[in-house]
Amino acid sequence: MADTTRKTIIVFSGDLDKVLAAFVIANGAAAMGDDVTMFFTFWGLNALRKPTGPRVNGKSFLQGMFGRMMPRGPQKLGLSKMNFGGMGAKMMKLVMRQQNVSSLDELIETAREQGIKMMACTMSMDVMGLKPEELIDGLEYVGVASYLGEADEANVNLFV
Amino acid sequence: MADTTRKTIIVFSGDLDKVLAAFVIANGAAAMGDDVTMFFTFWGLNALRKPTGPRVNGKSFLQGMFGRMMPRGPQKLGLSKMNFGGMGAKMMKLVMRQQNVSSLDELIETAREQGIKMMACTMSMDVMGLKPEELIDGLEYVGVASYLGEADEANVNLFV
Amino acid sequence: MADTTRKTIIVFSGDLDKVLAAFVIANGAAAMGDDVTMFFTFWGLNALRKPTGPRVNGKSFLQGMFGRMMPRGPQKLGLSKMNFGGMGAKMMKLVMRQQNVSSLDELIETAREQGIKMMACTMSMDVMGLKPEELIDGLEYVGVASYLGEADEANVNLFV
């Protein structure tokens with residue numbers, strides 16, 4: 001049965017603006033007392049990367065290439081529009097600070113403090129060659145069935 | 001409790017094709033008797049800009065830059081794919097007219113006639129430096145909590 | 001009333017990575033016993049094109065152009081990020097094979113075997129000039145009202 005106190009968000013995108021939107025919605029719902037689950041898949045996983053990841057062995061050549069080319073963590077994400085090689089993202093972060101809007105780093109921290117469940121999609125991690133030790137702590141490593149189990153219990157399910 | 005007569009759509013994207021899809025779904029649901037709420041955030045706000053906005057004071061330098069670089073209203077939106085500097089959007093609008101598909105301007109007008117609730121995200125407006133006087137009339141200016149309140153009452157919630 | 005055994009996914013995007021995500025979720029839900037409906041619209045229709053479509057008459061000049069420029073079927077879709085003129089998509093497909101992840105062709109085949117309902121949006125087909133004979137077999141050709149009817153019966157509704 002649908003339960004008004006649960007929400008899930010699939011974070012597929014790794015664009016700064018979209019990931020920001022996902023965390024603003026997630027934190028807003030958690031602040032209203034909802035149980036929130038975020039399921040990170042594909043490019044969305046980049047938002048969870050540590051800025052200076054450990055050197056990881058056991059990647060194939062192509063996985064290593066993906067890993068080197070994809071952004072490492074919230075500070076490196078670009079905008080989905082008007083990014084201009086990173087200038088757009090810099091501009092947006094600057095305006096956000098001027099307007100006292102929380103940064104993505106702060107929003108992720110708040111999400112953890114509020115007990116938002118963050119799941120990393122293991123199938124995407126295999127494809128992109130991301131290892132748990134490259135991602136921030138406190139994640140659950142699961143497949144799509146776990147997401148679906150959460151979504152079945154929720155009344156709002158978004159794909160970002 | 002979920003209520004089969006309510007729908008919400010977050011319009012995050014400002015791409016013509018995606019905004020068109022959002023309004024087609026919203027108008028379709030409203031025509032079937034549903035209460036529909038659209039929550040415009042980030043680039044999606046550009047679909048609500050007046051084509052010839054008033055000169056607005058009180059913007060920071062960066063907000064002014066965002067404002068000048070972002071498209072002003074439905075006529076200026078580009079496609080998410082194959083836009084080719086606006087040519088793709090022109091082509092699509094032309095085919096739509098040939099196929100008697102409503103234009104985005106018409107869809108927005110229909111949405112208002114059908115009483116679809118349109119909410120503008122004030123946090124995004126702050127970041128992008130958009131002021132209420134630059135947007136079309138009849139909007140509600142709210143935060144994410146208002147969206148979540150609507151979504152809690154709805155049985156279909158989409159993020160576009 | 002919401003029914004925990006139904007899911008719908010709007011496949012708006014024609015990017016390989018997003019279409020993959022849509023089918024992984026859809027197949028996962030179907031494997032758990034859910035009734036799943038996928039509604040293909042705009043670029044998402046390209047995932048359903050036959051690789052070597054028949055020559056089709058009755059297209060306008062612009063519809064013909066769209067048809068020639070859009071990718072024909074799963075093998076031709078690009079990535080939403082890091083596509084590099086198709087190289088990125090090739091890389092991802094290669095890694096997927098190395099990791100024993102099903103290809104999009106296989107996922108579509110599984111979706112059909114599992115009885116997932118696939119709907120093609122006729123309004124988008126008109127705009128893009130796609131004819132039923134250019135798309136794979138077994139689709140339902142419907143408008144947005146049919147999608148909304150399905151979504152009203154579902155407890156998870158995503159827009160990809």
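Out of the stretch B:1-12, which residues are within 10 Å of chain C (Cβ to nearest Cβ) and under 12 Å from the mean Cα position of the chain (by Cα)?
Step one: list which residues in the stretch B:1-12 are within 10 Å of chain C (Cβ to nearest Cβ), which gives B:1-5, B:7, B:9-10.
Matches in the stretch B:1-12: B:I9, B:I10.
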Which pairs turn up if I take residues in the stretch B:70-88 that are under 28 Å from B:P132 (Cβ atoms) and more than 14 Å from chain C (Cβ to nearest Cβ) and look for partners that are surrounded by fewer than 19 Cβ atoms within 10 Å (Cβ to Cβ) and of a type in the set (S, T, Y) with beta carbon separation below 8 Å, at least 6 apart in sequence or on another chain? B:R72/B:T52; B:P74/B:S103
Please work out which residue is farthest from the other protein chains (Cβ to nearest Cβ), limiting yourself to the stretch C:39-67 and to residues that are within 17 Å of the chain's Cα centre (by Cα) and in a helix (DSSP H, G or I). C:L48
Out of all the residues in the stretch C:34-69, which are of a type in the set (A, V, I, L, M, F, W, C) and either modelled with pLDDT under 95 or out of contact with any strand residue (DSSP E or B) (no Cβ under 8 Å at 6 or more places or on another chain) (or both)? C:W43, C:V56, C:F61, C:L62, C:M65, C:F66, C:M69
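Let's see how each residue does on (1) of a type in the set (D, E); (2) closer than 13 Å to C:F159 by Cβ:
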site: B:I10; (1), (2): no, yes
site: B:D17; (1), (2): yes, yes
site: B:I25; (1), (2): no, yes
site: B:M32; (1), (2): no, no
site: B:T41; (1), (2): no, no
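This table checks each residue for (1) away from chain C (no Cβ under 14 Å); (2) buried (at least 16 other Cβ atoms within 10 Å of the Cβ).
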{"site": "A:M92", "(1), (2)": "yes, yes"}
{"site": "A:V101", "(1), (2)": "yes, yes"}
{"site": "A:I108", "(1), (2)": "yes, yes"}
{"site": "A:A111", "(1), (2)": "yes, yes"}
{"site": "A:M125", "(1), (2)": "no, yes"}
{"site": "A:L135", "(1), (2)": "yes, yes"}
{"site": "A:Y141", "(1), (2)": "yes, no"}
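Quick one: how many residues across the stretch B:110-132 are part of a helix (DSSP H, G or I) and over 16 Å from the mean Cα position of the chain (by Cα)? Lay out the reasoning, then the answer.
Restricting attention to the stretch B:110-132, the residues satisfying the condition of being part of a helix (DSSP H, G or I) are B:110-113, B:122-128, B:132.
Those still in the list that are over 16 Å from the mean Cα position of the chain (by Cα) too: B:126-127.
Total satisfying the criteria: 2.
Check whether at least one residue in the stretch C:68-80 is open to solvent by less than 30 Å² (accessible area, probe 1.4 Å) and part of a strand (DSSP E or B), and report yes or no.
Taking the stretch C:68-80 first, the residues open to solvent by less than 30 Å² (accessible area, probe 1.4 Å) are C:70, C:73-74, C:77-79.
The next check asks that each one be part of a strand (DSSP E or B); those that pass are none.
No, because not a single residue in the stretch C:68-80 is open to solvent by less than 30 Å² (accessible area, probe 1.4 Å) and part of a strand (DSSP E or B).
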Of the criteria (1) outside any helix (DSSP H, G or I); (2) more than 29 Å from C:V156 (Cβ to Cβ), which one A:K93 fails: (1)
Where a residue in the stretch C:149-160 is facing chain B (nearest Cβ under 7 Å) and its partner, wherever it lies, is among the small types (G, A, S) and surrounded by 21 or more Cβ atoms within 10 Å (Cβ to Cβ), with Cβ under 7 Å and at least six apart: C:N157/C:A151
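Yes or no: B:L48 within 16 Å of B:D126 (Cα to Cα), in contact (Cβ under 8 Å) with a residue 60 or more places away in the chain and touching a helix residue (DSSP H, G or I) at 6+ places or on another chain (Cβ under 6 Å)? Let's see the steps before the verdict.
Values: within 16 Å of B:D126 (Cα to Cα): yes; in contact (Cβ under 8 Å) with a residue 60 or more places away in the chain: yes; touching a helix residue (DSSP H, G or I) at 6+ places or on another chain (Cβ under 6 Å): no.
So B:L48 does not fit the description; no.
If we keep just the residues of the stretch A:143-160 that are over 16 Å from A:V36 (Cα atoms) and surrounded by fewer than 21 Cβ atoms within 10 Å (Cβ to Cβ), which is farthest from the chain's Cα centre (by Cα)? Write out each step before concluding.
Looking only at the stretch A:143-160, we keep the residues that are over 16 Å from A:V36 (Cα atoms), and these are A:143-145.
From the residues that got through so far, the ones that are surrounded by fewer than 21 Cβ atoms within 10 Å (Cβ to Cβ) too are A:143, A:145.
Numbers: A:G143: 16, A:A145: 18 Å.
The selected residue is A:A145.
The values are calculated or read from the model by the stated rules, or taken from the named source; none is laboratory data. Quick caveat, the model's predicted, so the values are computed rather than measured. Note that each Cβ is placed from the backbone with ideal geometry, even for glycine, and that neighbours are counted across all protein chains shown. Heads up: the accessible areas ignore ligands, DNA and RNA and are worked out on the full protein's heavy atoms, side chains in. Shrake-Rupley method; radii C 1.70, N 1.55, O 1.52, S 1.80 Å.
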